[in-house]
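Each reported figure results from applying straightforward, stated rules to the coordinates on display, with no laboratory input. Keep in mind that what you see is a predicted model, and the values were worked out from it rather than measured. FYI the Cβ positions are ideal-geometry reconstructions off the backbone, even for glycines, and counts take in every protein chain you see.
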Amino acid sequence: MTSQKLIEIENRYGAHNYHPLDVVLTRGKGIWVYDMEGNKYLDFLSAYSSVNQGHCHPRIVRAISNQAKKLCITSRAFRNDQLPLLCKEVCELTGMEMMLPMNSGAEAVETAVKLSRKWGYAVKGIKKERAEIIACAGNFHGRTTTVIGFSTEPLYRKDFGPFTPGFKIIPFGDAKALKKAIGKNTAAFLVEPIQAEGGVLIPNAGYLKECRDICRENNVLLVTDEIQTGLGRTGKLLACHYENVQPDILILGKALSGGFYPVSAIVSTQNIMGLFKPGEHGSTFAGNPLACAIAREALKVLVQEKLPENAVKMGAFLMEKLKTVKSKHIKEIRGKGLLVGVELYPEAGGARRFCEALAKERLLCKETHDNVIRFAPPLVITRKDIEWAFVRIKSILEGMD
């Protein structure tokens, strides 16, 4: 069957809630993926940073294969031999005390919201049903009804209300706005260290630390969403480590499974996580032994293969190369590690057409917020690979009208 035929079938039978590039991928290895016709592409998106370890990493393939032959799911009605080890390893890696596994990133955010509210009532003493959580304009924390309720993107919200109350929005990167917004009912501040989906927006140095201090001073939980920025993407295990910030609740996902399986988690202290009692929260698939075995090996690969360190070196090299591009379309280039955004002027006609042109050159990336091209290759990428990609990026950005 051809790519075109499969596109026709998907358009006919699949919901149109995405606008993918017309490339039908059938296999991948490392940074490379292949379409139905055997054409080879460099994946410069990593499934929105899910594939930090590279496609089909052999160690994770072995882990999933070995576990799949033994036991895949028990539900949390029973214990399994993989979950305790994953909890221990994640806590030791992040410097936290307790972990709660979930599946998707959005589920993990919802879990953090529930836990923050429970802490607000049980510990801070907020009156029932009045807890507030502060979030940032331009945020992306998922697609559930509650989460889009505190999004500022009209497209995500239109025709999906009514929304869950209890959220307050402030500008991203403005610590003074956080201080001003905190009131007696504020339970938590939910923030991405870098807004990836928002256009790779990087706050000024010291922002997260200042927010940490403000939260402590006002008895408010700091909740960091590191679903996209965490696990090596920005050059450290967690982006908040750049400012030596330890959140009260940490949200992980995407690369936690190396792209093999939906695995997410929230990690916190015993005092906070211990507020959950049996029956108050859960998920049939969360913490299943297959997911845990995958996540355990995915984390080992990140650490043992020094992928955060490679992200620092390769990210700096990519930024260095990008800054030599002379294009009338480029407004700004932003990046941290291997999370890079190239913002174009509105007059450029949108980032989508550049992504389509790059796909024809066998480089896959994606636009975000209309005018930003996001580059986020797997963290196993080399200088030679980046040079290959850069030739095509430079040609498209400088050559297109």
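Within region 1-76, list the trypsin sites (Lys or Arg not before Pro) lying in a DSSP loop whose Cβ has at most 15 other Cβ atoms in a 10 Å radius. Don't skip to the answer; put the middle values down first.
Numbers: sites: Lys5, Arg12, Arg27, Lys29, Lys40, Arg59, Arg62, Lys69, Lys70, Arg76; in loops: Lys69, Lys70, Arg76.
Loop-located and lightly packed - Lys69, Lys70.
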Report summary line: The distance between the Cα centres of region 195-210 and region 38-85, in whole Å, is 29 Å
**Report entry** Spatially proximal aspartates and glutamates relative to Lys176 (Cα-Cα < 15 Å; intrachain offsets below 8 disregarded)
**Finding:** Glu210, Asp213, Glu217
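Roughly what % of Cα-Cα distances in region 80-182 sit above 16 Å, to the whole percent? Write down the numbers at each step before the final one.
Numbers: 3553 of 5253 pairs.
Summing the P(r) tail past 16 Å for region 80-182 gives 68 percent.
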Query raised in the report: Counting only residues 5 or more places away or on other chains, whose amide H sits under 5 Å from the amide H of Ala351 once H atoms are built in the peptide plane?
Result: Asn371, Val372
Query raised in the report: Roughly speaking, what % of Cα-Cα pairs in region 330-401 are separated by over 21 Å, rounded to a whole number?
Result: 18 percent
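Which of the trypsin sites (Lys or Arg not before Pro) found in region 265-321 are loop residues per DSSP with 16 or fewer other Cβ atoms within 10 Å of their Cβ? Could you put the intermediate results ahead of the total?
On the way: sites: Arg296, Lys300, Lys306, Lys313, Lys321; in loops: Lys306.
Answer in residue order: Lys306.
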Query raised in the report: Helix 83-94 versus the longest principal axis of the chain: what is the Cα-based angle in degrees, 0 to 90, to the nearest 10?
Result: 80 degrees
Report task. Any lysines with Cα under 18 Å of the Lys70 Cα? List them, leaving off those in the same chain fewer than 8 positions away. Result -> none
**Report entry** Helix-only mean residue ellipticity at 222 nm for the chain, each DSSP H run of n ≥ 4 adding -39500 (n - 2.57), per residue, nearest 500
**Finding:** -10500 deg cm²/dmol
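D for the chain, whole µm²/s, Stokes-Einstein with Kirkwood Rh over alpha-carbon pairs at 37 °C and 0.692 mPa s: what number? Walk me through the numbers on the way to the answer.
Numbers: Rh = 21.9 Å.
Answer, rounded: 150 µm²/s.
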Requested in this report: Under 1.5 on a/c is rounded, so check that first for region 214-280, then, if it is not, pick prolate when a/b is larger than b/c and oblate when it is not; a ≥ b ≥ c are the square roots of the alpha carbon gyration tensor eigenvalues.
Outcome: oblate
Query raised in the report: If the cut-off is a Cα-Cα distance under 19 Å, which lysines reach Lys277, setting aside same-chain residues fewer than 8 apart in sequence?
Result: Lys114, Lys118, Lys124, Lys128
Report task. Have a look at Trp32, Trp119, Trp388 and tell me which one the Gaussian network model of the chain (Cα, springs below 10 Å) gives the largest fluctuation. Result -> Trp388
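Please figure out what share of the DSSP beta bridges in the chain is antiparallel and state it in percent, rounded to the nearest 5. Please report the intermediate quantities before stating the final value.
On the way: 31 of 47 bridges.
Around 65 percent antiparallel, to the nearest 5.
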Report summary line: Between Lys70 and Tyr121, Cβ-based FRET efficiency (R0 51 Å, step 0.05) works out to 0.80
Report task. Check each of the chymotrypsin sites (Phe, Trp or Tyr not before Pro) in region 39-100 and keep only those in coil by DSSP with at most 12 other C-beta atoms within 10 angstrom; list them in order. Result -> Phe78
Query - Where GluC sites (Glu not before Pro) in DSSP loops with at most 16 other Cβ within 10 Å are excluded, longest remaining stretch of the chain - result: 130-279
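List Thr234, Thr284 from most exposed to least, where exposure is judged by having the fewest other Cβ atoms within 10 Å. Don't jump to the answer; show the numbers that get you there.
Details: Thr234 29, Thr284 12.
Exposure proxy ranking, most exposed first: Thr284, Thr234.
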Query - Folded to 0 to 90 degrees: helix 207-217 orientation relative to the chain principal axis, Cα - result: 10 degrees
